[in-house]
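*Asks:* Submitted below is the structure of interest, expressed as structure tokens.
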Amino acid sequence: MYGFEAMTFNIHGGYLEAIVRGHRSGLLTAADYNNLCQCETLDDIKMHLSATEYGPYLQNEPSPLHTTTIVEKCTLKLVDEYKHMLCQATEPLSTFLEYITYGHMIDNVVLIVTGTLHERDVQELLEKCHPLGMFDSIATLAVAQNMRELYRLVLVDTPLAPYFSECITSEDLDDMNIEIMRNTLYKAYLEDFYRFCQKLGGATAEIMSDLLAFEADRRAVNITINSIGTELTRDDRRKLYSSFGLLYPYGHEELAVCEDIDQVRGCMEKYPPYQSIFSKLSYGETQMLDKAFYEEEVKRLCLAFEQQFHYGVFFAYMRLREQEIRNLMWISECVAQNQKSRVHDSVVFIF
Amino acid sequence: MGTTEAAGGGCCPTMDLLRSEPMQLVQLIIPIESSRHAISYLGDLGLFQFKDLNAEKSPFQRTYATQIKRCGEMARRLRFFKEQMNKAGLSPSTRSMISNDIDLDNLEVKLGELEAELLEINANNEQLQRTYSELLEYKLVLQKAGEFFNSAQSTAAALRRELEVQHSTERSIDSPLLLEQEMTTDPSKHVKLGSISGLVPREKSMAFERILFRATRGNVFLKQAVVNDRVVDPVSGDKVEKNVFIIFYSGERAKNKILKICEAFGANRYPFTDDLGKQFQMINEVSGKLSELKTTIDAGLLHRSSLLQTIGHQYEQWNLLVKKEKSIYHTLNMLSIDVSRMCLVAEGWCPVYASNQIQNVLQRASLDSNSQLGAIFQVLHTKEPPPTYFCTNKFTSAFQEIVDAYGVAKYQEANPGVYTIITFPFLFAVMFGDWGHGICLLLASLYFIIRERKFASQKLGDIVEMTFGGRYIIMMMALFSIYTGLIYNEFFSVPFELFGKSAYGCRDPSCRDATTVGLTKVRDTYPFGVDPKWHGSRSELPFLNSLKMKMSILLGVAQMNLGIVLSYFNAKFFADKLNIWYQFVPQMIFLNSLFGYLSLLIIVKWCTGSQADLYHVMIYMFLSPTDNLGENQLFWGQRFLQILLLLSALVAVPWMLFPKPYFLKKQHEERHQGQSYSLLHSGEDPLDEEHHPSLPGHEEFEFTEVFVHQLIHTIEFVLGAVSNTASYLRLWALSLAHSELSSVFYDKVLLLAWGYNNVIILIIGIIVFTCATVGVLLVMETLSAFLHALRLHWVEFQNKFYEGSGYKFYPFSFALLSEEDE
């Protein structure tokens, strides 16, 4: 039905698309970032933000601010917007919106499990969780001793349950296991999300497959770089790559055997979209890779707004807002720690 | 704008509302020590619009950023107090206390102290409350769990008795083996069962049970009991529905798991003993503690509410003070600081008449602040268009709003608002002519006007607010609809013989009301409005249609002419000869030679009672102007006049189109030459002009662009003359719709119900009639007639002369400040 969304899309999706586009226009602009980067104290940041859409969320905060408060309140705004949209959404948009949060769920599960492994306080861990990835019994995760228990006790009730089928082992949890679990879950999640978007069809499928493919490829590169020098075998590494994306399948073959960062680079440069990312980096450098990927992602997310009548805008908006919150966090940290020279290191301008 | 001001003085007597107030750009140089006073007095005066001279600076780089931050902090504290007061159910008293002058610094300290005190009280209270609700929960657990035990013991006893009976008789095969085994094992081997009891939120209870089951592989016994009332959760302080639970488990590992799960679910655990005596003792203890705590909490609350009350007395005053201060500093931030840091320089617009007031205020400010230097008031000359400011009162402001909603008048442009005051309600009334409905509307608007003071002070809903804002418009509309209603002779669609007897009577007794055949004129013409005899007659519609249609055209042509005349006044005011000769004159000729002529024909026809067909006359005036008019001739020389008019209309079109762009081009060239000379004469001008690159004379002159613009204007006017006249026929259409609807409701509902001679049906009929009249005729018809009148003003009337490209005058004023919020 590609090309015919215009006829029926607005019946259910029109209102929310308008809402999300309205939210998008509230994203901070380059001028805002310029002003924010000139701030001397966190109060200055609050003062500047009070003129933006974050105003109502920050105005009642007493004056000695902390970075965490700013980030918390900004996230709260995103969560409020998300909840409002989810309330208004009908199928299949509501499922789509829920899919967006699964990533955070995985992160939260991993956070709690790692935390309990290192014997942290559960309440403290819960506060660190991303509010979008919360589910009812999340605190119970602390009870579990191994993957099987984890699954059987808690996760079977959550939407993550199907993704778990591949990583149920009776081994005790340790850092390595958890990291593998995170990546396996993420792989399953991305593949599922990808299938779901393909099922939706139309412009949604087209745009989302592009965005998700980028996500999958980025994860593949990150997994490769992070696993260099660990005991992860090539086959294990290959298993963690999602089965779609630009790199699938031949790129994965090459990535799986990479031994150092320059080999990764050599293999990625064969793909024109990633060539531009790697060409910005000097040889042997990995620090700036994240930023380069983020920049590319933001560019692609912004492009999603160029087309109408698809669900990609919701995904793009959520991602952009998260990036914005990351930016704010970085700026606030730099300001708070008097490191203003580093302010531009990690800020990704959205517009 | 110096030239226009000079011209404005000469052309016509100054009218307050027709031309916006003359404005001037003023520079104020205020010594830094008296600046705060000066700004605050200017805010009281409310006649000065500051220009932002620091637009390129971000908010926190400006001079008074710290003060604004302080004000923001104080506003936050005040919001906190307000929130606390709302929680405690207190409302800030509106009566203003004797304002003991408190300045900002003291207020800041005071607010800080109060906040700290309030926070402390709150913290204490919270602590107490927490203990209190914990004890309450404990009590609940003791009670509910005690019930479990009691019932469990009684059932266990019964079971045992039963078993003993079974034992004594026969070992039955179907007695459960496990049970039997357990019964037979000796008591020393009994696994020590532990128990955990507590409360869990009800919504989580299912998941809680499930997880417990899974975690311990079913090796627990869980019993839950519903607590009927909502329980205050000690941690969050919210009231939630909860269940009391008690879990029996065996083994240390299970215990750890269960404890963790309890923690994860936010279930509060309380110790419990199965000893009955201890239970009673504990319940008593807890109850005693509870009543003790209760008195402490009450005392705390009392203290808190008295504190809040004292805050509430002065809340409004403080709030206003903080808002004022904040706005003063915002304004101060717009001023630029002199190099020597001795004085602030402000620029802004003010009405010319306010110069003296402003100077007085500045003087007072420097006196009050003991400043040695006075402030300097200096008028600047600029080419920037000044803001538009009309001095409206509560009556005219609503009408001005109607005009402003379309576009704010260009500076000193003729303001259609003046005419709107009368023409708007009048055109509305033409569509809404019924004096019964008019009286209803009048009563409604009078209600709003009489209780004006009360309504103005309180907050209204959206729709009421809108109606209240337009109360004077509605009153005028109602008055005019009573007037047109009297002309149409309709009172809820019923005609009355108010102004004497009908002019018509029956020739013979056989004739009925429903026909005009057989009616003859027996008296003088009915003195005012439509003769009541027309109502209900067979020729009512053709008669009224013809009347209203012609009337609409007359009104329309009159209003459009007014619009064109206003364009003349504008051109004259701004000394624009081109517009007079090449726009106003041909437009007048074009419109009046066609539709002015039609209006003339209508009037002649009415006066002479001729049977001429005006459609025919108009159509053949274009198709074959030279033909003989025959029986359609209304007056002598009509054919000749028609040819003349047609020719002049034809001439008027190129007249509108060609000369103006040509003359503009010529003017531009002349000015260009003049400028090149003046460069040699004075060295000052080019400098000045560099500052204002947006001068009109310096734009590139694109002849084609101007010509196309003029072409569009001409086409729009020529076509508009036809379509706008037709557009005025909506007056007729809506008036027809209104009278037909109201007569349908009257005939088909009220009269029909009356005909049944049944009280119940009559009551139902009256109710339906009232609802229909109010809902459809008074509300919906009013809205639609309002909208159509609005359209006639915005499009048909204002496009003849109104540019509406100005911007509004927003003075810095404390009065506006208090209106802004909420």
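The values are calculated or read from the model by the stated rules, or taken from the named source; none is laboratory data. On a predicted model such as this, the values are computed, not experimentally measured, just so you know. All Cβ positions, glycine included, derive from the backbone under ideal geometry; neighbour counts span all protein chains shown. Just the protein is used for accessible areas: all its heavy atoms, side chains included, with ligands, DNA and RNA removed. Shrake-Rupley method; radii C 1.70, N 1.55, O 1.52, S 1.80 Å.
*Asks:* Determine the order of A:Glu333, B:Glu631, A:Glu5 by accessible area, beginning with the largest, at a probe radius of 1.4 Å.
*Replies:* Listed by decreasing accessible area, they come as B:Glu631, A:Glu333, A:Glu5.
*Asks:* Could I ask something else about it? For chain A, what does -39500 (n - 2.57) per DSSP helix run (n ≥ 4), summed and divided by total residues, give at 222 nm, in deg cm²/dmol to the nearest 500?
*Replies:* The per-residue figure over chain A is -20500 deg cm²/dmol.
*Asks:* Using alpha carbons only, what's the Rg to Rh ratio of region B:315-391 with Rh from Kirkwood?
*Replies:* Answer for region B:315-391: 1.01.
*Asks:* Follow-up question, since we're still on this one. Where Rh is the Kirkwood radius over the Cα pairs of region B:710-817, the temperature 4 °C and the viscosity 1.567 mPa s, what D in µm²/s does Stokes-Einstein return?
*Replies:* Values: Rh = 18.0 Å.
The estimated diffusion coefficient comes to 72 µm²/s.
*Asks:* Also, I was wondering about something else. Could you give me D for region B:246-370, from Stokes-Einstein at 25 °C and 0.890 mPa s, where the hydrodynamic radius is the Kirkwood radius over C-alpha pairs? Units µm² s⁻¹, please.
*Replies:* D, rounded to a whole number, is 106 µm²/s.
*Asks:* Computed on protein heavy atoms with a 1.4 Å probe, what is the summed buried accessible area for the chain pair A and B, in Å² to the nearest 100?
*Replies:* Adding both sides of the contact gives about 2100 Å².
*Asks:* Sorted from largest to smallest, which semi-axis lengths in Å does the alpha carbon gyration tensor of region B:394-497 give for its equivalent ellipsoid, taking the root of 5 times each eigenvalue?
*Replies:* 26, 20, 9
*Asks:* Return the FRET efficiency for the residue pair A:Val156, A:Ile225: r is the Cβ-Cβ distance, R0 is 35 Å, and the value is rounded to the nearest 0.05.
*Replies:* For R0 = 35 Å, the calculated efficiency reads 0.55.
*Asks:* In addition: Roll a 1.4 angstrom probe over the protein heavy atoms and tell me the percent of accessible area of chain B that is carbon or sulfur.
*Replies:* On the way: 26890 of 45100 Å².
Percent of accessible area from carbon and sulfur atoms in chain B: 60.
*Asks:* Counting only other chains, what is the mean number of Cβ atoms within 10 angstrom of the Cβ of each residue in peptide A:141-149?
*Replies:* Taking all residues of A:141-149 together, the mean is 3.
*Asks:* Return the sequence-ordered ³J(HN,Hα) values of region B:215-231 in whole Hz as given by the Karplus equation 6.51 cos²θ - 1.76 cosθ + 1.60 applied to θ = phi - 60°, using x for Gly and Pro.
*Replies:* 5, 9, 6, x, 8, 9, 10, 10, 10, 10, 9, 7, 8, 5, 7, 6, 10
*Asks:* If one takes the longest principal axis of the Cα atoms in chain B, at what angle in degrees, from 0 to 90 and to the nearest 10, does the Cα axis of helix B:703-727 lie?
*Replies:* The two axes meet at around 90 degrees.
*Asks:* Something else about it: Based on the Cα coordinates of region A:278-342, what is the per residue volume of their convex hull in Å³?
*Replies:* 102 Å³
*Asks:* Any of A:Lys73/B:Lys69; A:Lys128/B:Lys326; A:Lys73/B:Lys324; A:Lys128/B:Lys260 with alpha carbons more than 25 Å apart? Name them for me.
*Replies:* A:Lys128/B:Lys326; A:Lys73/B:Lys324
*Asks:* For a distance above 18 Å, tell me the whole-number percent of Cα pairs in region B:332-442 that qualify.
*Replies:* Cα-Cα pairs of region B:332-442 separated by over 18 Å account for 69 percent.
*Asks:* Hey, another quick one. Using Cα pairs closer than 8 Å and at least 6 residues apart in sequence, work out the relative contact order for chain A, in percent.
*Replies:* For chain A, the relative contact order is 22 percent.
*Asks:* Also, I was wondering about something else. With θ taken as phi - 60° and the coefficients 6.51, -1.76 and 1.60, list the Karplus ³J(HN,Hα) couplings across region B:422-433 in order, rounded to whole Hz; mark glycine and proline as x.
*Replies:* 9, 5, 5, x, 5, 4, 4, 5, 4, 7, 10, x
*Asks:* Pull up all non-local amide H partners of B:Cys343: gap of 5 or more, or a different chain, and H-to-H distance under 5 Å with H placed in the peptide plane.
*Replies:* B:Ile32, B:Asp338
*Asks:* Distances over 21 Å make up what percent of all Cα-Cα pairs in region A:1-153?
*Replies:* 61 percent
*Asks:* Determine the distance separating the Cα centre of region B:101-152 from the Cα centre of region A:247-282; give it in Å without decimals.
*Replies:* Here the two parts' Cα centres lie 60 Å apart.
*Asks:* If you take the beta carbon distance between A:Lys83 and B:Ser369 as r and set R0 to 51 Å, what does 1/(1 + (r/R0)^6) give as a FRET efficiency, to the nearest 0.05?
*Replies:* Between A:Lys83 and B:Ser369 the formula returns 0.45.
*Asks:* Sort the following peptides by mean Cβ neighbour count (other Cβ atoms within 10 Å, averaged over residues), highest first: A:295-301, B:461-467, B:367-373.
*Replies:* A:295-301, B:367-373, B:461-467
*Asks:* From the helices alone, meaning DSSP H stretches of at least four residues, give me the mean residue ellipticity at 222 nm for chain B, per-run term -39500 (n - 2.57), in deg cm²/dmol to the nearest 500.
*Replies:* Calculated from helices alone, the mean residue ellipticity at 222 nm is -20000 deg cm²/dmol.
*Asks:* Taking N as the number of residues in region A:109-214, what value does Rg over Cα atoms divided by 2.2 N^0.38 Å take?
*Replies:* 1.19
*Asks:* Based on the Kirkwood radius over alpha-carbon pairs, what value in µm²/s does the Stokes-Einstein equation return for the translational diffusion coefficient of region A:229-351 at 10 °C and 1.306 mPa s?
*Replies:* 95 µm²/s
*Asks:* So with the 1.4 Å probe, I'd like the accessible area per residue for the protein assembly as shown, rounded to whole Å².
*Replies:* 52 Å²
*Asks:* What's the Cα-based Rg to Rh of region A:185-258, Rh via Kirkwood?
*Replies:* Dividing the radius of gyration by the Kirkwood radius yields 1.03.
*Asks:* Could you work out the mean projected area of the convex hull around the alpha carbons of chain B, in square nanometres to one decimal?
*Replies:* Dividing the Cα hull surface by four gives the mean projection, 65.2 nm².
*Asks:* Taking the 0 to 90 degree range and rounding to the nearest ten, how far is the long axis of helix B:35-45 tilted relative to the main principal axis of chain B, both from C-alpha atoms?
*Replies:* For B:35-45 against chain B, the angle is about 70 degrees.
*Asks:* Considering all alpha-carbon pairs of the protein assembly as shown, what whole percent are spaced by more than 62 angstrom?
*Replies:* Percentage above 62 Å: 37.
*Asks:* Got a sec? Which residues of region B:28-63 lose 50 Å² or more of accessible surface with every protein chain in place, vs. that chain alone, 1.4 Å probe?
*Replies:* SASA drop of 50 Å² or more in region B:28-63: B:Phe60.
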